[in-house]
Every structure is written in structure tokens, then in C-alpha cells.
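Please read the structure below before turning to the comments.
The values are calculated or read from the model by the stated rules, or taken from the named source; none is laboratory data. For clarity, every value in this text was computed on a predicted model and none was experimentally measured. As a convention, Cβ positions derive from the backbone with ideal geometry for all residues, glycine included, and neighbour counts pool all protein chains shown.
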């Protein structure tokens, strides 16, 4: 497996480790972006989540600007902007401004979920109740603002003519149909919702219609990646990731926790099963083990790009994991 056949990128939710402040989480976000640039990753995306005390990724465009300012070559973008929360006009203004300040470095990934609970979603955009239905039209509105069409007197300057690359994010067959219909790249959220990965990718490739921006399908597959010098070390580090997803299942609102070797023995089986189903698309182990796991996954999905998420408590070990993963993919 080489980077010429499969690109490699990073998605960061800016999680707080236990005891960390939001400022520390943002500093960690920047440090990891700089490592990604040095190590040859293709792009670095930042998520959008709200009302979550353990994630610092609520003001995504501001975090993107911070990372762009502290790096020089890597592409940086949203993974993604949860479009129901925002006016397409304002999104175009924000990302048009970013693209003007940092030419040819900005990506705009788009999702249809609110990235939070229903009450918070109403607080974000109170007048919008039917957000899922408006997602396709909101994307087309964004495409208009980034294009050169002057047929409407309302324009989102400085977005006009910049054609910031748009990506459709999703975790269902419905999102695959939409990305294919629009002829846009498709990023599947298999790092937390892998159930429909194979089906969605098949639909996207089968139904894809070439567009002005893309002449053939482009598939990005999200995965959890934890790489260490040995399998046993990687499996220990992965207990932090398991605890993170256990918190998602149970609703506990706390930061990343240190590794816990015996964590599985303390979890009710049905809760453990739910957490493990969310992390089914994971590569965990030594470089040799992860190489074999990636090759197996690639045989199923033929991804153009893998986008890795790594919930590792120790920052140095997290950096080492991303370095080893890059070595594996580059060959």
C-alpha cells in the first residue's frame, strides 16, 4: 500500500483529556496538525460538535483558521460543517474568506446532522425544524455562492469564483445517493458508524454522475487507527478509545481517560457490544498488523483515501501512532 494509491488524512474532534482545559485541547489540535504536515498527510479536518464539555470543536471555522495560520502546506477543512446549523450564505462568506487568505488549502466537508442533541440544535438555529430535507438545496446554494454566476443580486463575497472543494459526509445509503447525484467526493463516517460502509460505497460508485468538479468517484473512508511498536502496546492504548465510545453509548460527558487494561470486565455486555459495534472499522496493532488490517479493509472498499481518528491519552504516543500509520500507508 502506497500513498500514490491511497491518500491518508486526519480527522480531529479536539477531545479534551481528563483534566485538560479547552485551551490545551486547541493547542494539541495545532500540534497534531503540524505533525501531520511534517509526516506527509494529505489533509487535516476538524469536526463540529456542540454542547459537549469534552470536545473543543464547536467553532470549526475559527479552529481551521488557527491551524491554517500555524501550518504552511497541508490542506485544512471541516469534517464537517453541520449545514443544518448554519445559513449557507454565512458558510460561503466564512470559507470564502478562509480560501482568500489561504489559497488552495481549504476544504469544506458538509454534514446533514446537527452534531448535538435536539435542544441544543434548536438553540443554534431555532427557526429550522426540517433541516434534513433542506440539505440538498443548501448544498446547491453553496455551490452557487462559490461559482461565477451573477444571475442573483445576492452574492456571498468573497466566495465568488473560489470554488472551494465540497465533500459530502455521511453514514447512510441516503448520503451516498446524494453525493453521487451531485458528483461530489464522498466521505463515509465509518470511524463511528460503520454499519452501512460497504453498501454506501457501492451505491455511490454505481450511481455517480460526473460533474464540473469531479469526473469519477472519490471515496474517503474514516477509521480509528492506533499503531504502536507492538500489538500488545497498541491494544492497551486502544482502551482509551473504547472508554471514549463507552461514554458515547452511556451518555457520560467526560474527557479522554488513561488506558485501563481490564476495562472490558467491568462493562455490561450489551453496553460493551454497542461500543464495539461503533468501532468495528478500526486498525489496531504493530505496523505489520495494521498493514494487514488496512489491506483487508481496502479489499472491501477500495478507498481513495483513509481518514484516521486516534483517541490516545498520551500525546507522545498519539504522535508516534500517526507517524507509524503514515509509514505503513506510504510503504
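Quick notes
- Across region 1-17, the qualifying residues are those that are out of contact with any helix residue (DSSP H, G or I) (no Cβ under 7 Å at 6 or more places or on another chain) and at pLDDT below 95, and the one among them that is surrounded by the fewest Cβ atoms within 10 Å (Cβ to Cβ) is 4.
- Only listed residue being part of a helix (DSSP H, G or I), at pLDDT 95 or above, under 28 Å from residue 123 (Cβ atoms) and in contact with a strand residue (DSSP E or B) (Cβ under 7 Å, 6 or more places away or on another chain), chosen from 26, 64: 64
- Among (1) assigned to a loop (DSSP other than H, G, I, E, B); (2) in contact with a helix residue (DSSP H, G or I) (Cβ under 6 Å, 6 or more places away or on another chain) - the single one residue 78 does not satisfy: (1)
- Qualifying residue in region 300-319 (condition: assigned to a helix (DSSP H, G or I), at pLDDT 95 or above, in contact with a helix residue (DSSP H, G or I) (Cβ under 7 Å, 6 or more places away or on another chain) and within 22 Å of residue 193 (Cα to Cα)): yes
- Contacts under 7 angstrom Cβ, first residue in region 74-97 being without any contact (Cβ under 8 Å) to a residue 40 or more places away in the chain, partner part of a helix (DSSP H, G or I) and buried (at least 24 other Cβ atoms within 10 Å of the Cβ), 6 or more apart: 78/60; 78/64; 81/60; 81/91
- Complete set of residues in region 50-60 that are surrounded by 18 or more Cβ atoms within 10 Å (Cβ to Cβ) and closer than 17 Å to residue 28 by Cα: 54, 55, 56, 57, 58, 60
- Residue that is surrounded by the fewest Cβ atoms within 10 Å (Cβ to Cβ), among those in region 190-207 that are part of a loop (DSSP other than H, G, I, E, B) and in contact (Cβ under 8 Å) with a residue 60 or more places away in the chain: 195
- The lone criterion from (1) surrounded by fewer than 19 Cβ atoms within 10 Å (Cβ to Cβ); (2) under 22 Å from residue 92 (Cα atoms); (3) touching a helix residue (DSSP H, G or I) at 6+ places or on another chain (Cβ under 7 Å) left unmet by residue 63 is number (1).
- Residue match in region 211-222 (condition: more than 30 Å from residue 321 (Cβ to Cβ) and touching a helix residue (DSSP H, G or I) at 6+ places or on another chain (Cβ under 8 Å)): yes
- Residue ID - surrounded by the most Cβ atoms within 10 Å (Cβ to Cβ), chosen from residues in region 128-148 that are modelled with pLDDT of 85 or more and part of a loop (DSSP other than H, G, I, E, B): 147
- Hits in region 240-261 - residues which are assigned to a loop (DSSP other than H, G, I, E, B) and either within 20 Å of the chain's Cα centre (by Cα) or more than 18 Å from residue 21 (Cβ to Cβ) (or both): 251, 252, 255, 259, 260, 261
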